[in-house]
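Working notes, beginning with the structure itself.
Bear in mind these aren't lab numbers, they're just calculated from the coordinates by the rules spelled out. None of these values were measured; they are calculated from a predicted model. Every residue, glycine among them, receives a Cβ derived from its backbone with ideal geometry; neighbour counts consider all protein chains shown.
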Amino acid sequence: MRLLLVLFVLVAFSHSLAHAYSFPSGKLGENFKGSVGVVVPTHSMNVARSAHTSTLLPNGQVLVAGGMVREGDILDSAEIFDPATDTFTAIETMNQARVGHAAILLHDGRVLIVGGFVGRNETASAEIYDSQQGEFKTIGEMTTPRGGFTATLLLDGRVLITGGEFDGELATAEIFNPLTNSFTATGNLIEARAAHTATLLLDGRVLITGGIRDNQVLATAEIFDPITGTFSAAGHMNSQRRTHAAVLLTDGEVLILGGSTEEDWDTRLNSVEIYNPQQDAFAYYPASMRQERFKLGSSVTTLNNGQVLIVGGDTTVEVLDVQVGVFQDAAGQVDADRFNSTATQLNDGRVLIAGGYDYDIRATDQAWLYIP
């Protein structure tokens, strides 16, 4: 009875009474631990999508853009999630259909949307979403088409774009300047790579880890210095990783999770590493995730309380308590082992979980809310 009362309070907090949410039968109470929160379903998106982007806007709403329904069915559609009503509203389409692209909130409140795949081809196209006018505006192109790349907002407001693939993996990198809406080449990566991660460190440098080159999954890492515009070696991870995730912890270290070492579906990882920028060294984290997960780069986020939320590759949602180094399952589940979904923290501390595809590469329009 006490457990049911706790769950009722959590669901009420997520507006479920107002919107008459329903829960998967027999799932909500499994492995419930009040300290790690609960996952509840919310209203669906207007379009099923995976490998899309979800960007928190200055007004607290979330821009959801692009992605694919299935292989070859690429989307130019976009929609807005309003946390006040927990509903999605369709907006005007992007100028370019794209999947596996990047979307970065700029310091001036605009959203930069770049690159990705159009069918089986990479694109260099870029556009800006102006949230005040509710419009997408084409702004030109990157210096080269890119898919499987990274885009990272630097402390000075510029955006670093690294690697990816176009007729093979790329070592090139470039900088977007929001004052001129232009792209300029910067120093090259030490090693060409795609499906890697890029994490902004507290000192303004960017840590690049893993990825793939010439069908070889990488364990190497490097650091970008925005002052010199150059990359330098940063040692090796303990495991080769691609399509993994990396998040900055509150103490300045970087947590690196999951991924795969060779063929994606057969070599998924549950291992976790941590990078210490003072020591410039990687070490295995004392605990592993409860599930093997990959294709989760956009579905791992650091929460306001310093814990880390991990979504994707399984029906369960895990939370790492970094104070004690323990992974636990949140109460509730998503509907399937979703890959290339997104997890976006809202201003009220909840996290919007949206989309992703299943083992048949079929996207869903379903969405969930994680309540810490």
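Quick look at the numbers
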| read-out | value |
| --- | --- |
| Order of 295, 137 - criterion: other Cβ atoms within 10 Å of each residue's Cβ, fewest first | 137, 295 |
| Selected from 302, 150, 138 as most flexible by GNM, with the chain as the system and alpha-carbon contacts under 10 Å | 138 |
| Burial ordering of 110, 242, 70, fewest other beta-carbon atoms within 10 Å first | 70, 110, 242 |
| Relative contact order, percent, the chain [alpha-carbon distance under 8 Å, six or more residues apart] | 16 percent |
| Reciprocal of mean inverse Cα separation for the chain (Kirkwood radius, Å) | 20.6 Å |
| Qualifying GluC sites (Glu not before Pro) for region 256-348 [loop in DSSP, other Cβ within 10 Å: at most 13] | 262, 263 |
| Three-way shape label, region 238-346, alpha-carbon gyration tensor, a/c 1.5 | oblate |
| In Hz, Karplus ³J(HN,Hα) per residue of region 193-209 (6.51, -1.76, 1.60; θ = phi - 60°; x = Gly, Pro) | 6, 9, 6, 9, 10, 9, 10, 6, 8, 4, 8, x, 7, 10, 8, 10, 10 |
| Cα-based Rg of region 188-294 normalised by 2.2 N^0.38 Å, two decimals | 1.01 |
| Spatial separation of Cα centroids for region 296-338 and region 261-290, in angstrom | 15 Å |
| Which of 234, 224, 42, positive extreme of dipole for region 2-371 (C-beta unit charges) | 42 |
| Residue among 88, 296, 248 farthest towards the positive dipole end of region 2-371, charges placed on Cβ | 88 |
| For region 121-133, Karplus couplings with θ = phi - 60° (6.51, -1.76, 1.60), whole Hz, Gly/Pro x | 10, 7, 10, 9, 5, 9, 8, 10, 9, 9, 5, 6, 9 |
| HN-Hα J in Hz across region 114-119 - Karplus 6.51, -1.76, 1.60, θ = phi - 60°, x for Gly and Pro | 9, x, x, 10, 10, x |
| Region 67-203: C-alpha gyration tensor shape, a/c 1.5 cut-off, then a/b vs b/c | oblate |
| Taking 81, 149 and counting other C-beta atoms within 10 Å, the order from fewest to most | 81, 149 |
| 222 nm mean residue ellipticity, helices alone, for the chain (DSSP H n ≥ 4; -39,500 (n - 2.57); rounded to 500) | -1000 deg cm²/dmol |
